Amino acid sequence: MKKLSQTELDDILNAHEQWWDSRNEAHRAIWQNATDEQKNQTNTDWAEKKLKEYKLRGTQIQILRDLDLRGLSFAGRNLSQLKFENLDLSGANLRETWFARAEMKRINFHKADLCESSFENGVLENINFAEAMMQDTQIDGLIASKNLIFDNAQMSRAFFVKSGISDSSFKNAVLCEASFRRAHLKNCSMENADLREADFTYVYLIDVNIRGANTEGADFSDAKELPEEWKNKIKGSV
């Protein structure tokens, strides 16, 4: 892995954010000058073709790969729609960072600060969030994401609404007041997790282990595929 300094990282991120802002400005101009016929079209390929006529500022990042970024700061950055592969971000400051619609594989977020960050509508695979700080983090709308490790993570009020997650572990994680509403969880472990006041309404739970979990005050109304183990546990905790 190549080790980057904070200055080298900032130069890359500044150029990308400049490109992103420039692209959005161009899109707004294109739509403001569009004909009514163009605005009513369901296919917007014409707008993408028009975008190529604009000279955009900055430099687009398409993928960050094989980098040692331990302890560096991404706080408040916009990294949406990027691809990330084989990165070490352990101990990094990623507070309020925007990863919306990103694709991630083999990322180490061990003990990173991800509070109030967003991974919405992303695709995550083989991600280590163990012992990370993730209070108020948005992880909603994940698409077919698997092999995620949240063991011992601090995730109060985390937002997993409508996420599809399989083959993952939440062991000993703090998930007080987290929302899994309408999520699909398959072959996951929540052993000894703190699930107090969590929202599991309309969730699908397939082969999910909650041995030793604290479910006091959690809401499982209209949960689907609820295992007998969960039913017995919930009766004694709500």
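The values are calculated or read from the model by the stated rules, or taken from the named source; none is laboratory data. All values derive from a computational prediction rather than experimental measurement. Every residue, glycine among them, receives a Cβ derived from its backbone with ideal geometry; neighbour counts consider all protein chains shown. The accessibility values were calculated without ligands, DNA or RNA, using every heavy atom of the protein model including side chains. Shrake-Rupley method; radii C 1.70, N 1.55, O 1.52, S 1.80 Å.
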Diffing region 36-47: the Karplus 3J(HN,Hα) column from phi (6.51, -1.76, 1.60, θ = phi - 60°), in whole Hz with x for Gly and Pro, holds 4, 5, 5, 5, 8, 6, 6, 8, 9, 4, 4, 5
Expressed as an acute angle from 0 to 90° and rounded to the nearest 10, what is the orientation of the C-alpha long axis of helix 6-32 relative to the principal long axis of the chain? 70
Region 9-158, relative contact order in percent, only Cα pairs under 8 angstrom and at least six apart counted: 15
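Of the listed peptides 128-135, 203-210, what is their order by residue-averaged count of other C-beta atoms within 10 Å, with the highest listed first?
Details: 128-135: 23.0, 203-210: 19.2.
Most protected by this proxy first, the peptides run 128-135, 203-210.
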Karplus-derived HN-Hα couplings along region 87-95 (A = 6.51, B = -1.76, C = 1.60, θ = phi - 60°), whole Hz, x at Gly and Pro: 10, 9, 10, 4, x, 6, 8, 10, 4
Need one number for region 68-161: average projected area of the convex hull over its C-alpha atoms, nm². 4.7
Amide H neighbours of Asp207 under 5 Å, at least 5 residues apart or on other chains, H built in the peptide plane: list them. Asn187
Give the cross-link partners of Lys224 among the aspartates and glutamates, using a straight C-alpha distance below 14 Å as the criterion and excluding same-chain residues fewer than 8 apart. Asp199, Asp207
Quick calc: nm separation of the 7 Å Cα→Cβ label points for Ser22 and Ala144 -> 3.5
Comparing Leu124, Leu87, Leu64 in a Gaussian network model of the chain (Cα, 10 Å), the one with the largest mean-square fluctuation is Leu64
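Can you tell me the convex hull volume per residue for region 61-103, based on C-alpha atoms, in Å³ to the nearest whole number?
On the way: hull volume 2.6 nm³, N = 43.
Cα convex hull per residue, to the nearest whole number: 61 Å³.
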Name the residue from Ala193, Ala183, Thr137 whose Cα lies farthest towards the positive end of the charge dipole of region 82-238, charges +1 on Cβ of Lys and Arg and -1 on Cβ of Asp and Glu. Ala183
Step through the residues of region 131-139 one at a time and calculate ³J(HN,Hα) from phi using the Karplus curve (6.51 cos²θ - 1.76 cosθ + 1.60, θ = phi - 60°), rounding each to whole Hz and writing x for Gly and Pro. 6, 6, 8, 9, 5, 6, 7, 9, 10
Which of the aspartates and glutamates could be linked to Lys55 by a straight reach, that is with a Cα gap under 14 Å, when you skip same-chain ones fewer than 8 residues away? Asp21, Glu25
Taking every Cα atom in the chain, find the radius of gyration and the maximum pairwise distance Dmax, and write them in Å. 20.3, 64
Point-to-point label distance, Asp68-Glu8, nm (Cα→Cβ direction, 7 Å offset): 1.0
With every protein chain in place, what's the accessible area of Ile63 (1.4 Å probe, Å², nearest 10)? 60
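For n ≥ 4 DSSP H runs only, could you compute -39500 (n - 2.57) per run for the chain, divide by its residues and tell me the 222 nm figure to the nearest 500? Walk me through the numbers before you get to the answer.
Working: 4 runs with 46 residues, N = 238.
Per the formula, -6000 deg cm²/dmol.
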